[in-house]
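Enquirer: Structure below; questions to follow.
What follows is calculated from the coordinates using simple rules that are stated; it is not laboratory data. Given the structure is predicted, the values throughout are model-derived calculations rather than measurements. Reconstructed Cβ throughout: ideal geometry from the backbone, glycine too, with neighbour counts over all protein chains shown.
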Amino acid sequence: MTQDSKLPDGWQILCFDQFAENIAERVDPAEADVEYYVGLEHLDPESLKIRRWGTPNDVKGTKLRFHKGDIIFGRRRFYQRKVAVTEFDGICSAHAMVLRACESMMLQDLLPFFLQSETFFQRAMQISVGSLSPTINWRTLAQQEFTIPPLNEQRRIAEILWAAETAIARFEDALEQVRELRRSTLTELTTSGLAVSSHKPTKIGNIPSHWEVVKVGVLLEICQYGLSIRADDDGQYPILRMMNIEDGVIVPNDIKYVNLSDEDFTAFQLEPGDILFNRTNSADLVGKIGIYRLDGDYVFASYLVRLRVKRDLVLPEYLNYYLNSPLGQRRILSYATPGVSQTNINAHNLQKVLVPLPPHDEQKEIVAILEHVDTSKQSILEQLKTLRDLKSGLLSDLV
């Protein structure tokens, strides 16, 4: 290692293991004597706060012990950028590293932000091994050289970044509260209605006495599989795929295109209010449903099923909300058939799903309430994006 004379005063070029320590204390979960297990699935990308966890009883095999204040870095599939600062003692997946700053060279408060920086990420890409699940090995990481500011500069940088992170965490907490409100409100309004005093027992539980229980198929004008056709980066028409369903709505992410005859385009063109159902995927993604509200001439791919409702019977927004509710999802997934690598729910079985159906005027009231909650959620998401963009800019400028 050589000292670069062009560096600002006090800055140094250090190997990673000169400013960070790998705490590789391995432990059997049954003998760990802790309450918390943190797997990579419990970490949120680009968030330093741990909001979910399991228990040692959930897992087998050797794990890593961590202590309050340690940093968990997801070294497997590192591109997910999973880094968290622990607020309790526990054990974590061996697909992570437990890191602790060598405080004579690096402040513990700055190390997690360094791990989130583009500088670190680009180096991690260079040294990762494995194509399916790129992984960072400690021995290789330890030898990597980075330019590190002096401690007084680190302290100033850490204070700025933690101010941004604290603001982000508050909005993330608010977002989780709104999402929980949405889940509970969704269930309550689509099964119990608005200030209803009289209920009746049905196959799906108690519902207001003046509501009906009908099958999805009764409510549909169209139930149609999508196009089985190769999609490319260019073409006539944008085609929606399973990754375009997000939180109950259709979003234009990672759009591909297809070329179609006029006849095929007419047959598969989406209209506002159409509902798309993800009929095949991994067990945790199959059954995703979203309503289409985009502008443009979109069509949809074969892994999706288009539902177009009879609007004299049901509002598409109401059906979409119900099918996304915990009860709706449970009833949909009860028809899932596991395959070798994917789970499937066919259109015929989807049409058997039972729906609690209120009169049209109540559907409108329920939809209005739920859309108000969604508006609040969207406002928080937009503010979160602004804060995350600010933090990303600060990371780029300061770290």
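Enquirer: Work out how much length Ile204 to Ser192 would gain on full extension: take 0.36 nm times their residue separation and subtract the Cα-Cα distance, in nm to one decimal.
Expert: Contour length minus Cα-Cα distance gives 3.2 nm.
Enquirer: What number comes out for the charge environment of Lys352, summing +1 per Lys or Arg and -1 per Asp or Glu over other residues with Cβ under 12 Å away?
Expert: Net charge around Lys352: +3.
Enquirer: Loop-only trypsin sites (Lys or Arg not before Pro) in the stretch 333-399, please: DSSP not H, G, I, E or B, and at most 15 other Cβ atoms within 10 Å.
Expert: Here the trypsin sites (Lys or Arg not before Pro) that fit, given the DSSP loop and packing criteria, are Lys352.
Enquirer: Here is a further query. Counting only C-alpha contacts under 8 Å and six or more residues apart, can you give the relative contact order of the chain as a whole percent?
Expert: Reported as a whole number, the value is 15 percent.
Enquirer: Whose amide H sits under 5 Å from the amide H of His210, counting only residues 5 or more places off or on another chain, with H placed in the peptide plane?
Expert: Sorted by chain and number, the residues that satisfy this come to none at all.
Enquirer: In percent, what relative contact order does the stretch 218-266 have, based on Cα pairs under 8 Å that are 6 or more apart in sequence?
Expert: 39 percent
Enquirer: Right, another one. Under the rule of -39500 (n - 2.57) per DSSP H run of 4 or more residues, summed and divided by the residues of the chain, what mean residue ellipticity at 222 nm is obtained, to the nearest 500 deg cm²/dmol? Kindly include the intermediate steps, with their values, before the conclusion.
Expert: Working: 10 runs with 133 residues, N = 399.
Calculated from helices alone, the mean residue ellipticity at 222 nm is -10500 deg cm²/dmol.
Enquirer: Whole-Hz ³J(HN,Hα) for each residue in the stretch 8-24, computed from phi via Karplus 6.51 cos²θ - 1.76 cosθ + 1.60 with θ = phi - 60°, x for glycine and proline: what do you get?
Expert: Working through the residues one at a time gives x, 4, x, 6, 9, 9, 10, 5, 4, 6, 7, 10, 9, 10, 8, 8, 9 Hz.
Enquirer: Next question. Loop-only trypsin sites (Lys or Arg not before Pro) in the stretch 255-344, please: DSSP not H, G, I, E or B, and at most 16 other Cβ atoms within 10 Å.
Expert: Sites meeting the loop and neighbour criteria: Arg293, Lys310, Arg311.
Enquirer: Say each of Glu271 and Ile229 gets a label point 7 Å from the Cα, pointing the same way as Cα to Cβ; how far apart are those two points in nm?
Expert: Roughly 2.0 nm, to one decimal.
Enquirer: Also, I was wondering about something else. Which ³J(HN,Hα) values, rounded to whole Hz and listed in residue order, are derived for the stretch 122-139 from phi using the Karplus coefficients 6.51, -1.76 and 1.60 in 6.51 cos²θ - 1.76 cosθ + 1.60 with θ = phi - 60°, glycine and proline given as x?
Expert: 5, 5, 4, 4, 5, 9, 5, 10, x, 9, 7, 10, x, 10, 9, 9, 4, 4
Enquirer: On a 29 Å Cα-Cα criterion, which of the cross-link pairs Lys60/Lys288; Lys256/Lys352; Lys82/Lys288; Lys256/Lys364; Lys60/Lys352 come out too long? Let's see the in-between values first.
Expert: Details: Lys60/Lys288 31 Å; Lys256/Lys352 32 Å; Lys82/Lys288 25 Å; Lys256/Lys364 35 Å; Lys60/Lys352 39 Å.
Going by Cα-Cα distance, Lys60/Lys288; Lys256/Lys352; Lys256/Lys364; Lys60/Lys352 fall outside the 29 Å limit.
Enquirer: Now for a separate question. Could you derive backbone 3J(HN,Hα) for the stretch 145-153 from the dihedral phi with the Karplus parameters 6.51, -1.76 and 1.60 (θ = phi - 60°), listing whole Hz in sequence and x where the residue is Gly or Pro?
Expert: 9, 9, 8, 10, x, x, 4, 5, 5
Enquirer: Hey, another quick one. In µm²/s, what is D for the stretch 301-352 at 37 °C and 0.692 mPa s, where D = kT/(6 pi eta Rh) by Stokes-Einstein and Rh is the Kirkwood radius from Cα pairs?
Expert: The diffusion coefficient I find is 265 µm²/s.
Enquirer: For Glu21, enumerate residues with amide H under 5 Å from its amide H, sequence gap 5+ or separate chain, H modeled in the peptide plane.
Expert: Counting only residues 5 or more places away or on other chains, the set is Arg100, Ala101, Cys102.
Enquirer: For Glu221, what is the net charge nearby, where nearby means another residue's Cβ is under 15 Å from its Cβ and Lys, Arg count +1, Asp, Glu -1?
Expert: Value of the local net charge: +2.
Enquirer: Between rounded, prolate and oblate, where does the stretch 322-399 land on the alpha carbon gyration tensor, with a ≥ b ≥ c its root eigenvalues, rounded for a/c under 1.5, else prolate if a/b exceeds b/c?
Expert: oblate
Enquirer: List the residues, sorted by chain then number, that are 5 or more residues from Thr343 or on another chain and whose placed amide H is less than 5 Å from its amide H.
Expert: Asn281, Ser282, Ala283
Enquirer: While we're looking at this one, here's another question. With springs connecting C-alpha atoms under 10 Å apart, model the chain as a Gaussian network and identify which of Ala30, Ala347, Ala101 has the largest mean-square fluctuation.
Expert: Of Ala30, Ala347, Ala101, the most mobile in the Gaussian network model is Ala30.
Enquirer: Here is a follow-up. Using the Kirkwood radius over C-alpha pairs as Rh, can you work out the diffusion coefficient of the stretch 79-224 via Stokes-Einstein at 25 °C, viscosity 0.890 mPa s, in µm² per second?
Expert: Working: Rh = 20.8 Å.
My calculation gives 118 µm²/s for D.
Enquirer: Here's a follow-up. Along each of its three principal axes, how wide is the spread of alpha-carbon positions in the stretch 156-271, in whole angstrom units, largest first?
Expert: Dimensions of the stretch 156-271 along the principal axes of its Cα atoms: 64, 51, 18 Å.
Enquirer: For P(r) over Cα pairs in 10 Å bins from 0, in percent, the choices are [x] 5, 22, 31, 26, 13, 3, 0; [y] 5, 22, 28, 22, 14, 7, 2, 0; [z] 4, 18, 23, 23, 18, 10, 3, 1, 0; which was calculated from the structure?
Expert: Only one listed value fits the structure, namely [z].
Enquirer: Based only on Cα atoms, what mean projected area does the convex hull of the stretch 216-365 have, in nm²? Write out the running numbers ahead of the final one.
Expert: Numbers: hull surface 36.1 nm².
Averaged projected area of the stretch 216-365's Cα convex hull equals 9.0 nm².
Enquirer: Something else now. Lys and Arg at +1, Asp and Glu at -1: add these up for the other residues within a Cβ distance under 11 Å of Gln144 and post the number.
Expert: Spelling it out: positives minus negatives among the neighbours equals 0.
Enquirer: Using Cα springs under 10 Å in a Gaussian network model of the chain, which residue among Gly226, Gly290, Gly205 shows the largest mean-square fluctuation?
Expert: Gly205
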